[in-house]
Amino acid sequence: MSGRQRIRVGIDTGGTFTDVVAFDERTGELVSTKIASTPADPAEGFLAGIDKVLDALGIPREQAGDVLTAVCHGTTVATNQLLEGKVGVLGFITSEGYESILEIARQSVPDGYGNSYFWVKPDRIVPADRVKAVGGRLDYTGAEVRPFDEAGAAGIARWFRDRGIDTIGVCLLHSYANPAHEQRMREILAAEHPAAVVSISSEVLREYREYERSMTTLVDAAVKPKVAGYVGSIKRRLDALTGEREVPFYVMKSNGGVLSAAEVVHQPITTVLSGPAAGALGAAMIARNAGFSRVLTCDGGGTSTDVSVVLDGEPTLTTEGAVGAYPSKIPMIDVVTVGAGGGSIAWISPEGALKVGPRSAGADPGPLCYGTGGAEVTITDAHLVLGRIPPHLLGGEIGLDVEAARAGLTALAAELGLEVAACANGVLEISAWNQANALRQVTVQRGLDVREFTLTTFGGSGSLLLCRLIDILNVRGVLVPPDPGNVSAFGLLTVDVKNDYVQTAVAKHADLKPTEVAAGFEGLTAQAGAALDREGFDPSQHRFVRTADLRYFGQAFEVRVPVPDGELTEPVLAGVAAAFHDAHRGLYGYDFSGQPSQQIEWVNLRVSGIGPIRRPELRRRPAPEGGVERARTGSREVCFDGRSYQPTPLYWRERLGPGDVLTGPAVIEEFGSTVPLHPGFTARLDDYANLLITRTEQGR
């Protein structure tokens with residue numbers, strides 16, 4: 001059997017579970033499973049996941065090298081390191097006169113602080129005593145104003161070496177226009193301090209704005225050792241599993257593409273939203289296939305919930321993202337994360353108010369009901385006590401201790417002067433509003449009407465509060481894919497190899513010369529093509545997408561618009577300018593088209609190089625015979641209102657099929673997820689076995 005199979009595997013490692021999906025490229029069969037994550041050594045869970053899915057396919061472990069065609073991985077190693085603020089001891093080298101660039105930063109104050117008096121600027125990523133300035137200067141065109149101070153650079157390298165500072169970021173003024181000084185600084189560091197891990201801004205982010213470029217470069221340097229060690233460890237173990245035949249190993253990037261393990265260690269910052277990006281892509285493909293083009297995605301895990309927007313079937317991108325306290329100006333799927341996962345802890349503030357998250361019990365020790373040392377009430381405990389989830393996980397593989405959860409909630413309720421059910425319901429209500437507020441951040445704050453969207457929920461805990469989210473947000477309805485707990489791992493199988501390249505080229509539209517713009521794009525395309533060559537793609541497979549960042553002269557920020565393929569003539573550039581007017585009006589409600597006094601300025605040219613892969617095909621399911629009673633497995637006492645329990649029918653989702661309709665109250669269970677269907681809501685299954693949930697009056 002193994003000789004006829006060609007298996008590609010997607011593995012998403014989360015805080016609680018490692019999700020695995022295998023795709024047989026010859027038959028189109030999809031097989032998925034889950035296994036507990038191993039936070040102490042995530043690579044252990046990774047390999048155990050491969051073993052488990054191969055076993056499900058009936059493939060002996062020793063034949064893995066014969067059948068595996070590729071392994072794609074979504075990881076939170078870089079994300080967690082930044083969220084926890086564990087950036088280590090960093091050094092920073094900048095141009096003379098700019099030693100305080102990290103402290104000056106930007107004058108903007110985060111949302112929620114109406115008066116900057118109440119906002120305390122976070123500590124800089126590199127303290128002042130580890131910032132060194134080197135002589136030499138370029139102007140904004142890249143022309144040398146003063147030669148690079150090689151003797152001073154050597155002294156700086158020795159200073160870092162003598163103090164054992166081995167991770168260093170380099171960002172010199174105007175290096176986006178000419179990388180020569182930064183490249184020479186790296187050469188001197190290699191000679192004087194060979195143990196140093198170095199990131200230079202002209203390779204990390206070749207784009208103007210010195211503060212953002214400095215921060216992005218330092219974040220890249222900070223995560224480089226850990227990402228390189230993690231990816232290297234998995235690659236070695238994977239090679240040991242597959243034997244003489246080397247199986248391609250790809251890592252998910254924040255921009256919606258993947259990159260080989262050999263390349264990603266040189267671009268570690270591109271993995272900072274690896275797992276959430278895969279989930280958004282998988283959900284976008286499933287929703288598009290079901291006929292929905294405007295979608296909100298809600299990926300609920302054990303530690304957090306990630307939300308994003310899908311427009312015209314594609315997740316939206318941003319270069320204004322941040323992970324924790326650290327801005328990272330790289331292309332990434334626009335994801336907002338909130339600490340509202342299954343392991344998020346309920347606690348009482350000093351003022352006596354009930355709070356939920358962002359602190360999480362994670363996988364170790366986990367919720368009270370895991371019985372593995374957890375001592376605080378979590379969202380999972382609240383769901384369990386209210387009967388909204390079964391007393392086990394993964395179809396019975398992991399038992400849950402209902403009484404331990406009830407004891408914890410009883411103590412918490414007593415402190416608040418509440419009944420146990422009301423307390424548990426309060427925990428879930430706060431969690432639902434936390435998720436709703438995150439969804440508003442990616443819609444209302446971006447000028448989008450949340451009521452025009454369908455919500456797609458997935459992840460192990462993503463669908464547990466969907467009925468409340470319909471009520472709070474007034475969305476059109478909710479789509480829950482089959483096997484929602486593994487959508488992120490499925491998304492890894494839908495992803496092309498993708499690299500992004502940017503070059504700052506500031507010029508007023510009226511002064512543009514088509515030949516110069518074309519030359520800029522050709523240089524970026526050559527870089528993208530060379531990267532695809534290294535990834536093993538034939539030139540005939542290469543695909544390039546061109547975009548540009550434009551703004552009105554005098555504005556501080558840009559709007560990205562597409563640039564058509566083919567020759568760049570004056571009419572083509574005029575079409576790009578017209579697209580900018582339209583995009584500006586869509587974002588801000590106004591534009592200056594037809595007003596010659598308001599000039600357009602081009603700022604950045606961008607090229608994405610894409611190497612396509614074969615995507616799984618989502619197949620229609622046959623309609624089963626008989627009524628929905630074939631899927632009923634029994635009943636359980638469930639509380640939906642925080643006051644009283646009622647007998648509620650339970651259904652096993654795999655026995656449901658296209659055309660089936662359920663009305664609440666009901667609980668729909670499957671291997672890796674649960675959908676509590678509240679009274680007043682209806683669930684219908686479409687031709688692809690997606691659950692489509694609306695208010696009952698809408699479902700009629």
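The values are calculated or read from the model by the stated rules, or taken from the named source; none is laboratory data. Because the structure is predicted, anything quoted here is derived from the model rather than measured. Here the Cβ positions follow ideal geometry from the backbone for every residue, glycine too, while neighbour counts run over all protein chains shown. The accessibility values were calculated without ligands, DNA or RNA, using every heavy atom of the protein model including side chains. Shrake-Rupley method; radii C 1.70, N 1.55, O 1.52, S 1.80 Å.
Numerical summary
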| quantity | calculated |
| --- | --- |
| Candidate set from the stretch 273-319 (those that are part of a helix (DSSP H, G or I) and more than 11 Å from the chain's Cα centre (by Cα)); member that is nearest to VAL223 (Cα to Cα) | GLY282 |
| Count of residues meeting criterion [surrounded by fewer than 12 Cβ atoms within 10 Å (Cβ to Cβ) and over 35 Å from the mean Cα position of the chain (by Cα)] in the stretch 147-171 | 3 |
| GLY352 open to solvent by 10 Å² or more (accessible area, probe 1.4 Å), under 21 Å from the mean Cα position of the chain (by Cα) and more than 30 Å from ARG560 (Cβ to Cβ) | no |
| The stretch 175-189 - residue that is of a type outside the set (S, T, N, Q) and open to solvent by 40 Å² or more (accessible area, probe 1.4 Å) and, of those, nearest to ILE200 (Cα to Cα) | ARG186 |
| Among (1) farther than 30 Å from GLY374 by Cβ; (2) out of contact with any strand residue (DSSP E or B) (no Cβ under 9 Å at 6 or more places or on another chain); (3) surrounded by fewer than 16 Cβ atoms within 10 Å (Cβ to Cβ), the one test that PRO39 misses | (1) |
| Close pairs (6 angstrom Cβ cut-off, 6 or more residues apart or separate chains): without any contact (Cβ under 8 Å) to a residue 12 or more places away in the chain in the stretch 404-429, open to solvent by 10 Å² or more (accessible area, probe 1.4 Å) anywhere | THR410/VAL420; ALA413/VAL420 |
| Residue list for the stretch 82-102, restricted to those being part of a loop (DSSP other than H, G, I, E, B) and either within 30 Å of the chain's Cα centre (by Cα) or over 16 Å from ALA128 (Cβ atoms) (or both) | GLU84, GLY85, LYS86, VAL87, GLY88, VAL89 |
| Hits in the stretch 681-700 (condition: in a strand (DSSP E or B) and open to solvent by less than 20 Å² (accessible area, probe 1.4 Å)) | PHE681, THR682, ALA683, LEU685, LEU691, ILE693 |
| Boolean, LEU416 is over 18 Å from GLY302 (Cβ atoms), at pLDDT 90 or above and either surrounded by fewer than 24 Cβ atoms within 10 Å (Cβ to Cβ) or in contact with a strand residue (DSSP E or B) (Cβ under 6 Å, 6 or more places away or on another chain) (or both) | yes |
| Residue match in the stretch 372-394 (condition: open to solvent by less than 40 Å² (accessible area, probe 1.4 Å), of a type in the set (D, E, K, R) and part of a helix (DSSP H, G or I)) | yes |
| Flag for SER108 being free of Cβ contacts under 8 Å to residues at least 40 places away in the same chain, open to solvent by 50 Å² or more (accessible area, probe 1.4 Å) and under 34 Å from the mean Cα position of the chain (by Cα) | yes |
| Candidates GLY324, GLY291 - the one that is in contact with a Leu (Cβ under 8 Å, 6 or more places away or on another chain) and either within 30 Å of GLN527 (Cβ to Cβ) or open to solvent by 40 Å² or more (accessible area, probe 1.4 Å) (or both) | GLY324 |
| Residues satisfying the stated conditions in the stretch 233-254, i.e. touching a residue at least 24 places away in the same chain (Cβ under 8 Å), open to solvent by 20 Å² or more (accessible area, probe 1.4 Å) and of a type outside the set (S, T, N, Q) | LYS235, ARG237, GLY243, GLU244, ARG245, PRO248, TYR250 |
| Residue, most open to solvent (accessible area, probe 1.4 Å), within the stretch 444-479, restricted to residues that are in contact with a helix residue (DSSP H, G or I) (Cβ under 9 Å, 6 or more places away or on another chain), more than 17 Å from PRO276 (Cβ to Cβ) and in a loop (DSSP other than H, G, I, E, B) | ARG476 |
| Selected residue (only one of THR27, THR18, THR69, THR33 is more than 30 Å from ARG209 (Cα to Cα), part of a loop (DSSP other than H, G, I, E, B) and modelled with pLDDT under 90) | THR27 |
| Residues of the stretch 654-680 classified as open to solvent by 10 Å² or more (accessible area, probe 1.4 Å) and either hydrophobic (A, V, I, L, M, F, W, C) or closer than 22 Å to ALA623 by Cβ (or both), total | 11 |
| Neighbours by Cβ (under 8 Å, 6+ apart or cross-chain): first from the stretch 122-151, at pLDDT 95 or above; second assigned to a loop (DSSP other than H, G, I, E, B) and exposed (fewer than 12 other Cβ atoms within 10 Å of the Cβ) | ALA133/GLY97; GLY136/PRO147 |
| Number of positions in the stretch 618-639 that are in contact (Cβ under 8 Å) with a residue 60 or more places away in the chain and assigned to a loop (DSSP other than H, G, I, E, B) | 4 |
| Some residue of the stretch 278-296 being among the charged types (D, E, K, R) and at pLDDT 90 or above | yes |
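To keep it simple, each residue is scored yes or no on (1) modelled with pLDDT under 95; (2) within 30 Å of THR27 (Cβ to Cβ).
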{"site": "GLY626", "(1), (2)": "yes, yes"}
{"site": "ARG636", "(1), (2)": "no, no"}
{"site": "GLY642", "(1), (2)": "yes, no"}
{"site": "TYR651", "(1), (2)": "no, yes"}
{"site": "GLU654", "(1), (2)": "yes, yes"}
{"site": "GLY664", "(1), (2)": "yes, no"}
{"site": "ILE668", "(1), (2)": "no, yes"}
